[in-house]
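> Take this structure first; my questions come after.
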């Protein structure tokens, strides 16, 4: 008995020697206060406040709010070629460090909740893409759900994780290797991406992770990491190298909100680097129509009896959910609405510009919602108000450069984030 | 009887029901109405719709209405008037317009809506020149839907502010992602909005609006706004898909003369009542797509992997007509190669590991 | 629909059919009843039937409603029946079918389409106005009068000398006494248990309560209750901020108008006796209590002249039973103090704590836990609402606005004391077979009148018996 015990201990020490523990540059110092490193900077919000004429700060506060809204809006709208057909592996850290409570309720639960939201949003934005989920626990990479285009499978798999506890150390290398394996067979016209949610400050790997990074590069897999604790050098290296020198794929969450934003940013299809890299091809797709049968029949995909379904337009097999690949003839079946859902990424709505008082008099109300704008003050007051906050329009008007209609900030936000149409251009027609 | 259980203290909140905002998009395409002249002239249809609007307003004190005309050359507001810039005051009441012709036989809010709708419609019709009509037989559906959505957005924000519900304005300050901001957590407590499209034009003419119409439909889907369609003539593939995606009611009227009864029966109930009712829906929806090259309706097509344009046959010269990318037309539908070709990374930073052989490392314990 | 609708509904149900016949002659009445008294589903039924020539067979209606909502359907039809809006007939093929009763349907159609010369929606005063009366003035007037009535009942004048006292007319005081909301003990006005319940309700419910009291007492002073009622419904369909001509009114209506002026429901300018203005209290009568965005209540809470802006809530309650009320209104403070131990008072804020003792004290005065909770709910601060709206709702159940711990505890405190509750109603017993017992019992449950049942004893207890009795008769007729 005593003997075997000794042996066991010995084994462990040996193992540890072999393990190449990759640590963050100085984990302890960064652990609490400087989470997020360079991203975090003291902002003196009170210094931007200026008293208005009436002695209150309400006007400035309103301006700041509006500028804030606007800031989120002003993104690049050059129509980029984007990887619309995506293959993404989501790797979730399920190691001990995830039980920390610095994110409420715990890192683990919050991550799982956001992961579910992520899956939903991902398929909302990328309806013809594929997703798979892996977990890192106890030094192993574990398969949570297989590559598929069906969100519910992933959601239930992630939901099932909630009953388990985070355990052991994570291994980035194992996770990446498994992801690489899963992405290996994906067609070349789609993207290959990995998103890692990483709560630990170390990775306990069986081999040289740099080699894995090398193979990832050669397989054209892009890796993004969302860190929860502090910046880890190996993660940064991983992201930089696999994204062609672009560091932005690595972000460290400052708080719950920021964490969510970092994850949700990934749902937007990534820009393709060049035409060389992504082999573009013509895909054959079927657009089936929905049928309802009087008597239930088995569907070809799950062999479950159902009444409604979609008939493959080539071989007439019945599938119960779209998008799917026809189980018998392999044709990609999709709703045309799924394709249409991605169009706004490809043809984004141009940013609207601020309107100075000089041109403000031409409108008195928002073109879309009819809310009235503040009236134009006498000319001598223009300068006073125009020196205010950057990014917001002094006259509260925003102009579409194509149709020259004026809109309010709320409609601006709504048009760019939700509808992706310009109310003015659409309703004035081709004249 | 007085058991205190979890369900009980929710009941009080449940009575706090939000009013509904109905936005009607009327297709005023003169070409299409001309065909209908025999059975249901526009004036009669408008009269029917006005009664329907009154019925909607009668259902709840705080119910609101908005009417947009989707004309051949522009989309325009019929109610509330954009010229009366503040058409709604804090309550959503109608602001006092000055032209009060005393008419004691009609509930005032009803009359104000009627007056504005008929006046604006008349203006719209008078502003239509023969030039506008020539060679333009479609209707500005996308614009009308976008205007309707903007109005709904405005009213939803205003309503939430007044009633202290989830205030969408606070979210951006905290930086919530848009998906969360616009999908309400609590369905019953926000303004119940829905859109009714009274459509007469066929869809084939408006194929050039395909993308904006689809964008509006997805916006509705995200905001949980049902789109109801009352089709008086023709049949529109887009609108069928719109109803299907947003869980609205699609009805193609066999007898346009009975418009009012159809409106009252199928389109009046709001979202809350609809939960209790069996409403007419289409079971078979046409999901086929129109190809970008010949506007043919196809059930098997070719899709550009870059811009997702749909073609009915491989485009000439293997070049996508929309984005100009050269497409590997030969290997469409081919299975991926077993060994993917190695391609040069455009911006490679660390060249050293580029050619590294894939090492097969088994995970410990596996 | 909870307490908000029940009171006027109960009163109306008690009226005989002929009264309804007379009431429904006016389009404004039909519209008001349609809007205010009917549940959502019933409105759908009415509208669907309104422009249908033939009666709708009952079977068709049953198909229209989804099978899960049988209870809602029966409830809706039951209310429609009680208000004499819907009746059943036999069609040509001897099928039972629903049809709208005639004066109601015709009047509602008239309201929607605007036909004939009924003058049902008030005559504008055409004379040029010398004294402009703005909406803000009307709100202020309504607030003052209504707060005066409340203040009279609670007796706030005792601890706030600085506020202007509103002169209440004798009629108002008599009405409050007749409604057993206050009792006169010598010179002192004592609020009754009913009165406590009354003051804690939201304004809309209170106005209805008062109006029903008024109609009930109208008979006693020789006015026709139908005339008064239809005048009230007419008032509810008027436009805020407009003045109306008095010369078209009957003497009884003029008299009613004068009485309502005392409550702040209408406003009359002494200098110009030809016109009257409805205030917000009148024009929002047909709204749901929640739909009233409460500029009146909002200003009721704040100091005079300062309207509450948007939203009416001012009470924040925390899970530790602490209560913060941003108000300086003596009325509201005295209301809160009914069930709270107040600690501090600042110019615009009072704080206190809800304790077992304070709640028990309130309950001993006759206030119920539900009244306290609904008061807190209807005056909850926008922040509380925002917070609850931001919470993720679990499984479709919306997060409650008030902390659940507090509401549950208030109920538990009441339960400690209150172990019996009396419900007036009717007992059905002596059924010969189980089947004969079960069918009406189930029916009673579906229309929502069942209070208690015992399968073993084959008895059940309902709050109203007419429809169950009708059901039993129909069954008997069908059985034969």
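The values are calculated or read from the model by the stated rules, or taken from the named source; none is laboratory data. Computed from a prediction, not measured in an experiment: that's the story for all the values here. Heads up, the Cβs are rebuilt from the backbone with ideal geometry, glycines too, and the neighbour counts pull from every protein chain shown.
> Quick one: in region B:298-314, which of the residues that are more than 8 Å from chain A (Cβ to nearest Cβ) and surrounded by 15 or more Cβ atoms within 10 Å (Cβ to Cβ) is nearest to residue A:345 (Cα to Cα)? Before the answer, list the steps.
Taking region B:298-314 first, the residues more than 8 Å from chain A (Cβ to nearest Cβ) are B:309, B:312-313.
Remaining after also requiring surrounded by 15 or more Cβ atoms within 10 Å (Cβ to Cβ): B:309, B:312.
Working: B:309: 13, B:312: 23 Å.
Here the residue is B:309.
> Mind checking which helices (runs of 4 or more DSSP H) fall wholly inside region C:33-115 and carry at least 3 residues that are assigned by TED's automatic domain parsing to the domain that holds residue C:14 and farther than 21 Å from residue B:268 by Cβ?
Working: elements: C:40-50, C:58-64, C:70-82, C:102-113.
Because the criterion is at least 3 residues that are assigned by TED's automatic domain parsing to the domain that holds residue C:14 and farther than 21 Å from residue B:268 by Cβ, the helices (runs of 4 or more DSSP H) in region C:33-115 that meet it are C:70-82.
> Considering only residues that are outside any loop (DSSP other than H, G, I, E, B), touching a strand residue (DSSP E or B) at 6+ places or on another chain (Cβ under 7 Å) and within 11 Å of chain A (Cβ to nearest Cβ), look in region B:121-154 and name the one that is farthest from residue A:410 (Cα to Cα). Spell out the reasoning first.
Taking region B:121-154 as the starting set, the residues that turn out to be outside any loop (DSSP other than H, G, I, E, B) are B:121-127, B:130-133, B:141-154.
Restricting the remaining residues to those that are touching a strand residue (DSSP E or B) at 6+ places or on another chain (Cβ under 7 Å) gives B:121, B:124, B:141, B:143-145, B:147-148, B:151-152.
Subset that is within 11 Å of chain A (Cβ to nearest Cβ): B:141, B:143-145, B:147-148, B:151-152.
Values: B:141: 22, B:143: 18, B:144: 18, B:145: 17, B:147: 13, B:148: 14, B:151: 10, B:152: 11 Å.
So the residue we want is B:141.
> Only residues that are within 14 Å of chain A (Cβ to nearest Cβ), crowded, with 20+ Cβ neighbours inside 10 Å and in contact with a helix residue (DSSP H, G or I) (Cβ under 6 Å, 6 or more places away or on another chain): list them for region B:212-226, please.
Passing the criteria: B:212, B:213, B:214, B:215, B:216, B:217, B:218, B:219, B:220, B:223.
> Residues of region A:173-201 being part of a strand (DSSP E or B) and farther than 26 Å from residue A:271 by Cβ, which ones?
Here is the first cut: in region A:173-201, the ones part of a strand (DSSP E or B) are A:191-198.
Once the filter is applied, which keeps residues that are part of a strand (DSSP E or B) and farther than 26 Å from residue A:271 by Cβ, region A:173-201 yields nothing.
> When only residues in region A:330-341 that are part of a loop (DSSP other than H, G, I, E, B) and in contact (Cβ under 8 Å) with a residue 40 or more places away in the chain count, which is surrounded by the most Cβ atoms within 10 Å (Cβ to Cβ)? Step through it out loud before you land on a result.
In the first step, residues of region A:330-341 are kept if they are part of a loop (DSSP other than H, G, I, E, B); the result is A:330-331, A:334-335.
Retained after the next criterion (residues that are in contact (Cβ under 8 Å) with a residue 40 or more places away in the chain): A:331, A:334-335.
On the way: A:331: 21, A:334: 26, A:335: 24.
That would be A:334.
> So which residues in region B:227-247 are within 14 Å of another protein chain (Cβ to nearest Cβ) and in contact with a helix residue (DSSP H, G or I) (Cβ under 7 Å, 6 or more places away or on another chain), if there are any at all?
B:227, B:238, B:241, B:242, B:245, B:246
> Quickly run through region B:209-241 and pick out the residues that are under 15 Å from residue B:286 (Cβ atoms) and more than 12 Å from the chain's Cα centre (by Cα).
B:210, B:231, B:234, B:235, B:236, B:237
> How many residues are closer than 16 Å to residue B:142 by Cα and touching a residue at least 60 places away in the same chain (Cβ under 8 Å) if we restrict to region B:228-237?
Applying the first criterion (closer than 16 Å to residue B:142 by Cα) to region B:228-237 yields B:228-229, B:236-237.
Remaining after also requiring touching a residue at least 60 places away in the same chain (Cβ under 8 Å): B:237.
Summing the residues that are closer than 16 Å to residue B:142 by Cα and touching a residue at least 60 places away in the same chain (Cβ under 8 Å) in region B:228-237 gives 1.
> Does region A:197-205 include one or more residues that are at pLDDT 90 or above, more than 9 Å from every other protein chain (Cβ to nearest Cβ) and closer than 25 Å to residue A:149 by Cα?
yes
> Something else about it: Of the residues C:355, C:368, only one is in contact (Cβ under 8 Å) with a residue 24 or more places away in the chain, closer than 18 Å to residue C:412 by Cα, surrounded by fewer than 20 Cβ atoms within 10 Å (Cβ to Cβ) and within 14 Å of another protein chain (Cβ to nearest Cβ); which?
Values: C:355 fails: within 14 Å of another protein chain (Cβ to nearest Cβ).
Result of the check over C:355, C:368: C:368.
> Search region B:61-85 for residues being more than 14 Å from chain C (Cβ to nearest Cβ) and closer than 11 Å to residue B:113 by Cβ, and hand back the single one that is modelled with the lowest pLDDT. Please lay out each step first, then the result.
Of the residues in region B:61-85, the ones more than 14 Å from chain C (Cβ to nearest Cβ) are B:66-85.
Of the ones still in play, those that are also closer than 11 Å to residue B:113 by Cβ are B:66-67, B:78-81.
Values: B:66: 91, B:67: 92, B:78: 88, B:79: 83, B:80: 83, B:81: 76.
This residue is B:81.
> Could I ask something else about it? I'd like to know if region A:114-134 contains one or more residues that are more than 27 Å from residue A:322 (Cβ to Cβ) and either more than 12 Å from every other protein chain (Cβ to nearest Cβ) or surrounded by fewer than 23 Cβ atoms within 10 Å (Cβ to Cβ) (or both).
Residues of region A:114-134 that are more than 27 Å from residue A:322 (Cβ to Cβ), as a first pass: none.
The answer is no, given that none of the residues of region A:114-134 is more than 27 Å from residue A:322 (Cβ to Cβ) and either more than 12 Å from every other protein chain (Cβ to nearest Cβ) or surrounded by fewer than 23 Cβ atoms within 10 Å (Cβ to Cβ) (or both).
> Failed condition for residue A:175, given (1) within 12 Å of another protein chain (Cβ to nearest Cβ); (2) free of Cβ contacts under 8 Å to residues at least 24 places away in the same chain, with all others met?
(2)
> Which residue, of C:191, C:212, is more than 20 Å from the chain's Cα centre (by Cα), closer than 30 Å to residue C:380 by Cα and more than 14 Å from chain B (Cβ to nearest Cβ)? Working first, answer last.
Numbers: C:212 fails: more than 20 Å from the chain's Cα centre (by Cα).
Criteria check complete, one pass: C:191.
> I'd like to check something: does region A:391-398 contain any residue that is in contact with a strand residue (DSSP E or B) (Cβ under 8 Å, 6 or more places away or on another chain), modelled with pLDDT of 80 or more, facing chain B (nearest Cβ under 10 Å) and surrounded by 23 or more Cβ atoms within 10 Å (Cβ to Cβ)?
no
> Given the criteria assigned by TED's automatic domain parsing to the domain that holds residue A:101 and outside any loop (DSSP other than H, G, I, E, B), does residue A:344 qualify? Steps first, answer last, please.
Values: assigned by TED's automatic domain parsing to the domain that holds residue A:101: no; outside any loop (DSSP other than H, G, I, E, B): yes.
Here the answer is no, as residue A:344 does not meet what is asked.
Residue by residue, here is whether (1) more than 27 Å from residue A:116 (Cβ to Cβ); (2) modelled with pLDDT of 85 or more; (3) in contact with a helix residue (DSSP H, G or I) (Cβ under 7 Å, 6 or more places away or on another chain) holds:
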{"residue": "A:242", "(1), (2), (3)": "no, yes, yes"}
{"residue": "A:251", "(1), (2), (3)": "no, yes, yes"}
{"residue": "A:257", "(1), (2), (3)": "no, yes, yes"}
{"residue": "A:266", "(1), (2), (3)": "no, yes, no"}
{"residue": "A:274", "(1), (2), (3)": "yes, no, no"}
{"residue": "A:304", "(1), (2), (3)": "no, no, no"}
{"residue": "A:307", "(1), (2), (3)": "yes, no, no"}
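> State all residues of region B:262-297 that are facing another protein chain (nearest Cβ under 8 Å) and out of contact with any helix residue (DSSP H, G or I) (no Cβ under 8 Å at 6 or more places or on another chain); if no residue qualifies, say none.
Scanning region B:262-297 gives B:283, B:284.
Conditions tested, residue by residue: (1) within 14 Å of chain B (Cβ to nearest Cβ); (2) part of a helix (DSSP H, G or I).
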site: A:351; (1), (2): no, no
site: A:358; (1), (2): no, yes
site: A:363; (1), (2): yes, no
site: A:368; (1), (2): yes, no
site: A:374; (1), (2): yes, no
site: A:377; (1), (2): no, no
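> Here is a check on your reading of the model: is residue B:148 at pLDDT 85 or above, out of contact with any helix residue (DSSP H, G or I) (no Cβ under 8 Å at 6 or more places or on another chain) and surrounded by 21 or more Cβ atoms within 10 Å (Cβ to Cβ)? Step through it out loud before you land on a result.
Working: at pLDDT 85 or above: yes; out of contact with any helix residue (DSSP H, G or I) (no Cβ under 8 Å at 6 or more places or on another chain): yes; surrounded by 21 or more Cβ atoms within 10 Å (Cβ to Cβ): yes.
Against the criterion (at pLDDT 85 or above, out of contact with any helix residue (DSSP H, G or I) (no Cβ under 8 Å at 6 or more places or on another chain) and surrounded by 21 or more Cβ atoms within 10 Å (Cβ to Cβ)), residue B:148 qualifies.
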